[in-house]
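The values are calculated or read from the model by the stated rules, or taken from the named source; none is laboratory data. Source: prediction; values computed, not measured. Here Cβ is always computed from backbone atoms with ideal geometry, including for glycine, and neighbour counts include all displayed protein chains.
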Amino acid sequence: MQSKGNIAIDGPAGAGKSTVAKLVAQELNYVYIDTGAMYRALTWKAIKEKIALDDEEALNRLAQDTEIAFEKKPGTKNQIVLCDGEDITLAIRSPEVSQAVSQVARVPAVREILVGQQRRLAETGNVVMDGRDIGSNVLPDAPFKFFLTASLETRARRRYKELISKGYQTSLKQLQREIAERDAMDSQREMAPLIKAHDAVQIDTGCFSPQQVADIIVQHVRERL
Ligand code: DC
């Protein structure tokens, strides 16, 4: 398994992983890979195809028959997520997908397929990959591992602001409940649960801006490269 220069960023929902990971990738000119988006893409397709989320066989077949890709949006710095060629970047952030995704992500056959794809994407080296099990399972040899945390209240507040700005109706209380449920499901599943790798650097992002967290990570990496 190749992990040349790769950076693993793990942590629970709303800890700021993706915002920070994008900033780190930009700063170091690395490729950003959002593994949560891969589980979300499959979940989006499962909902579209009306697949029962407890039908592990059907989810396994779906994972085998689905092509998930990341591309740069022409003329911008933004990355888009493609599912079988369709741009689903916005659709996978819907509350419906957010609520269902942990059920899909706990299916061992689905994880096996997506983890294989994630390892292949990292073979080039110089990627920043964020998720739940990157440092502990996907890229255990990655030279740089970070585990981002924040209190449930902070994480729910961040998600609330994000969803309201995108025009979704929700309440802070409901979001807190949903995030706590998702944390529990992600941490307690049998296969590759959300866990801090023993050699990961833990950062509580509660009192830092995303840019400050990215600066801490970039400085740590540069000092050791
Ligand atoms: O980071 P996110 O909220 O977009 O992740 C969506 C879901 O996918 C989340 O419930 C946990 C799961 N996930 C996972 O199990 N393993 C990963 N490497 C990334 C995400």
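Among all residues of region 167-186, there is none that is surrounded by fewer than 17 Cβ atoms within 10 Å (Cβ to Cβ), more than 20 Å from ASP34 (Cβ to Cβ) and touching an Asp or Glu at 6+ places or on another chain (Cβ under 8 Å). For first residues located in region 74-91 and charged (D, E, K, R), partners that are part of a loop (DSSP other than H, G, I, E, B) and lie 6+ apart or on another chain with Cβ distances below 6 Å form the pairs ASP84/GLU67.
Residue-by-condition table, conditions (1) aliphatic (A, V, I, L, M); (2) in contact (Cβ under 8 Å) with a residue 60 or more places away in the chain:
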residue: SER98; (1), (2): no, yes
residue: GLN117; (1), (2): no, yes
residue: LEU139; (1), (2): yes, yes
residue: LEU148; (1), (2): yes, yes
residue: SER151; (1), (2): no, no
residue: THR154; (1), (2): no, yes
residue: LEU163; (1), (2): yes, yes
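Among the residues that make up region 23-46, is at least one of them at negative phi, without any contact (Cβ under 8 Å) to a residue 24 or more places away in the chain and out of contact with any helix residue (DSSP H, G or I) (no Cβ under 7 Å at 6 or more places or on another chain)? Checked region 23-46: no residue is at negative phi, without any contact (Cβ under 8 Å) to a residue 24 or more places away in the chain and out of contact with any helix residue (DSSP H, G or I) (no Cβ under 7 Å at 6 or more places or on another chain). For region 1-59, a tally of residues being within 13 Å of the ligand (Cβ to nearest atom), assigned to a loop (DSSP other than H, G, I, E, B) and of a type in the set (A, V, I, L, M, F, W, C) returns 3.
Exactly one residue among ALA37, ALA52 is surrounded by fewer than 21 Cβ atoms within 10 Å (Cβ to Cβ) and modelled with pLDDT of 95 or more, and that residue is ALA52. Residues in region 177-201 that are of a type in the set (D, E, K, R) and within 9 Å of the ligand (Cβ to nearest atom): ARG182, ASP183, ASP186, ARG189. Might you let me know whether region 127-141 holds any residue that is away from the ligand (no atom under 12 Å from the Cβ) and either of a type in the set (Phe, Trp, Tyr) or assigned to a helix (DSSP H, G or I) (or both)? There is no residue in region 127-141 that is away from the ligand (no atom under 12 Å from the Cβ) and either of a type in the set (Phe, Trp, Tyr) or assigned to a helix (DSSP H, G or I) (or both). Checked against (1) without any contact (Cβ under 8 Å) to a residue 40 or more places away in the chain; (2) among the small types (Gly, Ala, Ser); (3) outside any helix (DSSP H, G or I), ALA184 passes all but a single condition, namely (3). Restricting THR170, THR154, THR124 to residues that are part of a helix (DSSP H, G or I) and more than 12 Å from the ligand (Cβ to nearest atom) narrows the list to THR154.
How about region 62-94: which of its residues are surrounded by 13 or more Cβ atoms within 10 Å (Cβ to Cβ) and in a helix (DSSP H, G or I)? Scanning region 62-94 gives LEU62, ALA63, ALA91, ILE92, ARG93.
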